[in-house]
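Asker: Sharing a structure here in structure tokens format.
The values are calculated or read from the model by the stated rules, or taken from the named source; none is laboratory data. What you see is a predicted model; the values in this text were computed from it and never measured. Every residue, glycine among them, receives a Cβ derived from its backbone with ideal geometry; neighbour counts consider all protein chains shown.
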């Protein structure tokens, strides 16, 4: 069974701080995606990483895919209250379906 | 463009009643997924369809749950009889499944409370 573990589960920080959340697995994934979910809405895709060692940047967000394609990280620089939400990583499983981690709930206080 | 459309948005029902959740995927998408989200278990894949055919239903909790996709533009998830532990947010999502890195689009979810 392919599983994704995310850490930390909860994170509460002040505006302007930096943070990193992690997504780890013992399985290799062909690609990995990061989603953000706001209260009352469905998850929205932020980025897809495909190549081992790949780094992608989306404004203040930096995503990295591990060399072995088993893990990923999301780093946010100078967090803003608008970054508040549930961040989910998801790996593309062997049958093409998405397997989600349980998420990191981020709260950024002004 | 219309996204994935789910109904109802909210439903409160009594234990033992039948619940039917509905989903209209994005036009042109050939894969549809049903997920359930709870605080304890996160987002769990219940079942997914490719070209209207169920591919993997191993996530369906038990026989009380059933899903159909009679055509490319409509799917239902039915719970009969419902139980309080079925209370969760149920998401439908769709995509064009063509390899790694597909973008999956989620609906806004159906919030189910079984009392």
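Asker: Go through the range B:35-57 and count every residue that is over 11 Å from the mean Cα position of the chain (by Cα) and either part of a strand (DSSP E or B) or more than 10 Å from every other protein chain (Cβ to nearest Cβ) (or both). Steps first, answer last, please.
Answerer: Here is the first cut: in the range B:35-57, the ones over 11 Å from the mean Cα position of the chain (by Cα) are B:38-43, B:50-57.
Within this subset, residues satisfying the condition of being either part of a strand (DSSP E or B) or more than 10 Å from every other protein chain (Cβ to nearest Cβ) (or both) are B:38, B:42-43, B:50-57.
Matching residues across the range B:35-57 total 11.
Asker: Then there is this: Those residues that are touching a helix residue (DSSP H, G or I) at 6+ places or on another chain (Cβ under 7 Å) and either more than 18 Å from residue B:43 (Cβ to Cβ) or within 14 Å of chain A (Cβ to nearest Cβ) (or both), I need them from the range B:80-114; list them, please. Walk me through how you get there before you give the answer.
Answerer: If we filter the range B:80-114 for residues that are touching a helix residue (DSSP H, G or I) at 6+ places or on another chain (Cβ under 7 Å), which is where we start, we get B:112, B:114.
If the condition is that a residue be touching a helix residue (DSSP H, G or I) at 6+ places or on another chain (Cβ under 7 Å) and either more than 18 Å from residue B:43 (Cβ to Cβ) or within 14 Å of chain A (Cβ to nearest Cβ) (or both), then B:114 is the only one that fits.
Asker: Could you list, in sequence order, the residues of the range A:44-93 that are farther than 25 Å from residue B:3 by Cα, within 14 Å of chain B (Cβ to nearest Cβ) and in a strand (DSSP E or B)?
Answerer: Once the filter is applied, which keeps residues that are farther than 25 Å from residue B:3 by Cα, within 14 Å of chain B (Cβ to nearest Cβ) and in a strand (DSSP E or B), the range A:44-93 yields A:56, A:63, A:65, A:72.
Asker: Listed residues A:68, A:78; which is touching a residue at least 40 places away in the same chain (Cβ under 8 Å) and either in contact with a helix residue (DSSP H, G or I) (Cβ under 7 Å, 6 or more places away or on another chain) or on the phi > 0 side of the Ramachandran plot (or both)? Break it down stepwise before answering.
Answerer: Details: A:68 fails: either in contact with a helix residue (DSSP H, G or I) (Cβ under 7 Å, 6 or more places away or on another chain) or on the phi > 0 side of the Ramachandran plot (or both).
After ruling out the rest, the residue left standing is A:78.
Asker: Given the condition modelled with pLDDT of 95 or more, exposed (fewer than 15 other Cβ atoms within 10 Å of the Cβ) and touching a helix residue (DSSP H, G or I) at 6+ places or on another chain (Cβ under 9 Å), answer yes or no: does some residue in the range B:50-69 qualify?
Answerer: Looking through the range B:50-69, none of the residues is modelled with pLDDT of 95 or more, exposed (fewer than 15 other Cβ atoms within 10 Å of the Cβ) and touching a helix residue (DSSP H, G or I) at 6+ places or on another chain (Cβ under 9 Å).
Asker: Which condition number does residue B:30 fail, the rest of (1) surrounded by 15 or more Cβ atoms within 10 Å (Cβ to Cβ); (2) in contact with a strand residue (DSSP E or B) (Cβ under 6 Å, 6 or more places away or on another chain) being met?
Answerer: (2)
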